[in-house]
Amino acid sequence: MKEKIANIKVFVCFYLTLPLFVFMCLTIGVKALDEMPQVNPTKETDAKNSDGTLLPSDSIEAEIGNPDGSAPILAKDLSKNYNILNSTNEIISEEELLAIKLPHEGEEPLVLVVHTHGTECYADATESFSTADSDGYYGFYTEESKTRTTDTEKNVIAIGEIFCNTLAEKGIRTIQSRIMHDKDDYNSAYANSRKTISEYLKKYPSIKYVIDLHRDSLGDSERIKTNASDISGCAQVMLVAGCHGNGVIYPIWKQNLSVALKYKKAMDEKYPSLSRPIYLRYSRYNLDLSAGSLLLEVGSCANSFDEAAKAARLAAECFAEMLQ
């Protein structure tokens, strides 16, 4: 009996010790392989130009500049050889629209600038570059990039102030509403700004032009910074126009499209690449409140603040010249 028990103990010890021995051998072998020098690096990490420098896509700098979840920023001149991008079924006669007289100029103030989406802002210097990198990108727009801020020194309120000051320098008295109508509830922004515009028009009957100043947002997998190609460091602007029909009630849309067309013509004559085509669609955007109402988008979310500021100054210059 004792002999049987002894045999069982030997059997159990052997088969319990064997796996542990094998595991220890494998561990020692893997460690030895890790410590061996790498003799043949892969072609991807050794890819070089003819002068011996690393290719851009393989350089450490390029990898650091392209964080996970980011969208590359591309600079594009979106000006075209036509004036109106018509998304409606309406037949537009530009000659007829240009023949319509501008709203009468008389008492002051003459212009009201509002911001339905006042919290819209621009890319900062770490995201949007003034020149392209080796891959042709002008920066990278990440998931953490801000599209809105209540800081009125960085959002479209500041851009609107530049626009107003430029008009004032040209002798055109302008009022700016600095209310951020989207601050508390984005979905109520147009309803909120409608009340503001109505109150100003009632208080100042002399106002003939209402400009709702915004910032555009372009791109998804790639972000687009608008580029006025013949002006150094300048974003582009775009006028958005509404149209009566398809369920939208907007009787004075032609008068306002006429003003937009005259304004674009003034920009094209002085700065040919500053303005993108007027975007016409079935909507009102509160433009129905006054003949002389415009929606102006200055730059995009991938433009820097300085690029948008320059565009605002030049666009204001052209608006003043249109009125003279």
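The values are calculated or read from the model by the stated rules, or taken from the named source; none is laboratory data. Computed from a predicted structure; not experimentally measured. Ideal geometry is used to build each Cβ from the backbone, glycine not excepted, and the neighbour counts take in all protein chains shown. What goes into the accessible areas is simple: the full protein's heavy atoms, side chains included, and nothing from ligands, DNA or RNA. Shrake-Rupley method; radii C 1.70, N 1.55, O 1.52, S 1.80 Å.
Net charge of the neighbourhood of ALA189, taken over other residues with C-beta under 15 Å away and scored Lys/Arg +1, Asp/Glu -1, is +1. Extending 7 Å from the Cα toward the beta-carbon at both GLU90 and ARG281 defines two label points whose distance is 1.5 nm. Taking a point 7 Å out from the Cα of ASP268 in the direction of its Cβ, the residues of the stretch 81-104 whose backbone N falls within less than 14 Å of it are 81-86, 93-99.
Amide H contacts under 5 Å for THR119: ASP182, restricted to partners 5 or more places along the chain or on a different chain, H placed in the peptide plane at 1.01 Å from N. Each label was represented as a point 7 Å from its Cα along the Cα-to-Cβ direction; for ALA99 and ASP184 these points are 4.9 nm apart.
The stretch 201-247 and the stretch 286-324 have Cα centres separated by 6 Å.
Volume per residue of the convex hull around the Cα atoms, evaluated for the stretch 65-186, comes out as 209 Å³. Per-residue SASA remark: HIS181, around 10 Å² accessible (1.4 Å probe; ligands, DNA and RNA not included). The accessible surface of the stretch 224-324, taken with every protein chain in place and a 1.4 Å probe, is 47 percent carbon and sulfur. Think of a 1.4 Å ball rolled over the protein heavy atoms: the stretch 226-288 then has 36 Å² of accessible area per residue. Rounded to two decimals, the Cα-based Rg/Rh of the stretch 233-324, with Kirkwood Rh, is 1.00.
How would you classify the stretch 169-218 from its alpha-carbon gyration tensor, with a ≥ b ≥ c the square roots of the eigenvalues: rounded for a/c under 1.5, else prolate if a/b is greater than b/c, otherwise oblate? The shape class here is oblate.
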